[in-house]
1. Within the stretch B:37-64, how many residues turn out to be surrounded by 13 or more Cβ atoms within 10 Å (Cβ to Cβ), more than 14 Å from chain A (Cβ to nearest Cβ) and of a type in the set (Lys, Arg)?
2. Testing B:Asp133 on (1) surrounded by fewer than 20 Cβ atoms within 10 Å (Cβ to Cβ); (2) within 13 Å of chain A (Cβ to nearest Cβ); (3) at pLDDT 85 or above, one condition comes back false. Which one is that?
3. Condition first: touching a Ser or Thr at 6+ places or on another chain (Cβ under 8 Å), surrounded by fewer than 24 Cβ atoms within 10 Å (Cβ to Cβ) and free of Cβ contacts under 8 Å to residues at least 60 places away in the same chain. Can you find one or more residues in the stretch B:345-358 that meet it?
4. Taking the options A:Leu21, A:Leu4, A:Leu16, name whichever one is open to solvent by 100 Å² or more (accessible area, probe 1.4 Å), among the hydrophobic types (A, V, I, L, M, F, W, C), over 22 Å from the mean Cα position of the chain (by Cα) and away from chain B (no Cβ under 12 Å).
5. Would a scan of the stretch B:170-193 turn up a residue that is touching a Gly at 6+ places or on another chain (Cβ under 9 Å), within 14 Å of chain A (Cβ to nearest Cβ), assigned to a loop (DSSP other than H, G, I, E, B) and not acidic (Asp, Glu)?
6. Within the stretch B:225-283, work out how many residues are of a type in the set (Ser, Thr, Tyr) and within 13 Å of the chain's Cα centre (by Cα).
7. Residues of the stretch B:136-160 being surrounded by 20 or more Cβ atoms within 10 Å (Cβ to Cβ) and of a type in the set (Gly, Ala, Ser), which ones?
8. Test each condition in (1) within 24 Å of B:Ile239 (Cβ to Cβ); (2) open to solvent by less than 50 Å² (accessible area, probe 1.4 Å); (3) touching a residue at least 24 places away in the same chain (Cβ under 8 Å) for B:Tyr163 and report the one that comes out false.
Amino acid sequence: MKILFKYIFWIFLILLLAVNLGLFVNGMNLSNQIYRFEKESERLHRENLSLENKAYEIDSLKYASSIAPSLNFTNSAQPVYLENLKYALKR
Amino acid sequence: MTKLKILLTFFFLLQIVIISRLFFLQVLKPFNSNSVNYLTTKKIYPERGKIFDKNSQPLALNKATYLLYAEPKKIKDKPELIEKIDSILNVGISTLESRIDSNKKWVVIRDGLDKTQMKKIHDLNLEGLGFEDKFKRFYPEASLSAHILGFVGKNYDGEDRGYFGIEGLYDKDLSGFPGVIKSDKDILGLPIIIGTQQRLDPENGRDLYLTIDKSVQEIVKNKLKNGLETYGAKEGCIIVANPKTGEITALTCIPDFDVDKYYEFSEDYFKNSAISNLYEPGSIFKPLVMAAAIEEKKIKPDDFYNEDGPVNISGYTIRTWNNKYEGKISITRILEKSSNVGMVYVGQKLGQKNLYKYLKTYGFGENTGIDLQGESSGYIKPEPNWYDIDYATTTFGQGIAITPIQMLMAFSSLVNGGHLMKPYIVSKITSNDSEKKIAPKEQRKTISLRTSEIIKKMLISTVENGEVNWAKPKGYQIGGKTGTAQIPIQGHYDTSKTIASFIGFAPAKDPQFLVLVILREPKTSPWGSETAAPLFFEIAKDLIVYYNIAPE
């Protein structure tokens, strides 16, 4: 009986040690993951900002006026119906 | 016992190995990594709030940048490092040498690096360098609204701070609150899970939505630029507002500055002339006095005045602008031909006490309360210090110094039924969990609805029967008034230098917009009718099209 208890005790100790080691290693892995995900989410956020800014820049009037000459936007594109109301009033 | 001894010996040897390794890592050859952050407490910088126009189009955003720093004590080969960095950044070798001071532990080399520059420097694998993540302001429309937005500079502690315009006045709302992260980290910079892990998230700045319409701002700025060139003016301002609500739809003054490179401009450029500069308004002030006299029932719209020659006030002679006198003219004709002597008559009928009272009623001498940093209230000297000549010249807008925004809001009250509105630019402030809308605010009543309708009719007549035949948009009734004010220089007026202006509104029956155009020292002609007025009508045409206003 005494020997049985002794064996159980040692097995229990070894198990405890193994679990402890396992938890420690898991903890380290978790910290690695956290660190990785933190860095990744920061990177994605910054990339998101950059893409958002590019999208807004392409949508801006500044960009439109810079490409207007190449797209052949000229003064003749302005409406003339304020001077010739016959178009608007179908005279 | 032997088994126990073996176990004990095993653990003892294990401990020796661990202690030796620790000794090696911490004493003999300490681990050196640029990415290690030994601080357990780190500040998390909030993102600055964004600024949008009335159609939710962005005017100011944030972009991700990097701050390049150096730890001089960790640099092995300083000349090589400086040469390599300079080949990418082009800062100047002597500048880098002075910045990388070997006596210091940590120095900033350059802020605002983009991703490409950061990657190039990172790939050099130079010891003693590191990067901090930062944000910088990004303006997709560049300097379209320079004076409205202001810029973001640094304070004494090197932290971001807004100056002038919206960035200045709303700096606290836009800045947000920093967060804090308290974390136990190991030598590799990885968090220790079982250690302290506390995080207080930053509160990002609030976003602002403006009353400014980006498209109207673009129209107005382009027209002003062309106008300054065409008329050879030194500087100019244009403000567009909704006269019923006080919303500022566009505001531009030239010269302005580059919001990205504000540090290359002197402080004079940052001042927003529309709200900070005082000027004598000239004849565009006349309708205010006319409306006051009608309101006080001192004159009626169908009254007549005998314009028979110059008027003498306390030894000063007041003449019309062209020294021509038409004899018996209607009250409306006084405005149409912008008669100074006629306005002196109206002022005398109104009375000095009433005239002074209406200056205060119209809001002169006090801030309008517009939400831009740097507003000037102007100055109305106390009533006991006024002389007869002061009252006389005030009736035609000389001898009184006001700001363009004060003029615009006072004039707004003439055409909107007599409500002096508070001008405003921010219509909504939003954060993650709340939204605050800013409603139009009436400061006070200036005139009655009846007087407002009368003065509107007179202003329409002023445009239709003015001295100059302008290229008005056909099919629309537009009201307005020209102004040509001489500039006071060291106690006298320089007759060759003027401030030419025009203030107008359309459509007359139910005004959708009110525009004030001011040109300083135009060279082609000193007269507002030949410079500011044509510019106004060009803008009015574009705005009528933009707002889809049907002909009347």
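1. Residues in the stretch B:37-64 being surrounded by 13 or more Cβ atoms within 10 Å (Cβ to Cβ), more than 14 Å from chain A (Cβ to nearest Cβ) and of a type in the set (Lys, Arg): 1 in total.
2. Among (1) surrounded by fewer than 20 Cβ atoms within 10 Å (Cβ to Cβ); (2) within 13 Å of chain A (Cβ to nearest Cβ); (3) at pLDDT 85 or above, the lone unmet condition for B:Asp133 is (3).
3. no
4. Just one listed residue meets the conditions, A:Leu21.
5. Looking through the stretch B:170-193, at least one residue is touching a Gly at 6+ places or on another chain (Cβ under 9 Å), within 14 Å of chain A (Cβ to nearest Cβ), assigned to a loop (DSSP other than H, G, I, E, B) and not acidic (Asp, Glu).
6. The number of residues fulfilling the criteria is 5.
7. Hits for the stretch B:136-160 are B:Ser145, B:Ala146, B:Gly150.
8. (2)
The values are calculated or read from the model by the stated rules, or taken from the named source; none is laboratory data. The structure presented is a predicted model; accordingly, all values stated were derived computationally and were not measured. Methodologically, a virtual Cβ is constructed for each residue, glycine included, from the backbone with ideal geometry; neighbour enumeration extends over all protein chains shown. Side chains are part of the model used for accessible areas, which takes the heavy atoms of the whole protein and leaves out ligands, DNA and RNA. Shrake-Rupley method; radii C 1.70, N 1.55, O 1.52, S 1.80 Å.
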